[in-house]
């Protein structure tokens, strides 16, 4: 890993990569085993990856502003983080397609959690209690 300002840059990228690999694995396994229940966890992991992406972007941008000689290296780090974030998004897309394949319904996060509440899986899955409640995801 490269260094900026004399210290390791962005230790979050390896962690982000581990999360993304786990997401891809989980998405593929949910497809292979026709298991729609595994898909819900992808949303939580995707939120974690999205937060890491934002953190990496801000931190790297700060390094680049402080030392313009680091712009090229910082740009590469930002691109790597962005590509990992997109792979995570694709994993969620695979999961949504698995749900469609099994149920015949095209579900997004809010609809999926509402379906779980209606199925009696408890109030903790209520759409009103979701962390990071955001507008429609752009995939």
Does at least one position in segment 57-64 carry a residue that is at pLDDT below 95, surrounded by 13 or more Cβ atoms within 10 Å (Cβ to Cβ) and closer than 30 Å to residue 99 by Cα?
no
Can you report the number of residues in segment 100-116 which are modelled with pLDDT of 85 or more, over 14 Å from residue 29 (Cβ atoms) and surrounded by 14 or more Cβ atoms within 10 Å (Cβ to Cβ)?
0
Residue match in segment 14-35 (condition: in contact with a strand residue (DSSP E or B) (Cβ under 9 Å, 6 or more places away or on another chain) and surrounded by 19 or more Cβ atoms within 10 Å (Cβ to Cβ)):
no
What's the number of the condition residue 96 fails, among (1) crowded, with 20+ Cβ neighbours inside 10 Å; (2) closer than 19 Å to residue 16 by Cα?
(2)
On the given criteria, is residue 40 in contact with a helix residue (DSSP H, G or I) (Cβ under 7 Å, 6 or more places away or on another chain) and outside any helix (DSSP H, G or I)?
no
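The values are calculated or read from the model by the stated rules, or taken from the named source; none is laboratory data. Only a predicted model underlies this, so the values are computations on that prediction, with no experimental measurement involved. Every residue, glycine among them, receives a Cβ derived from its backbone with ideal geometry; neighbour counts consider all protein chains shown.
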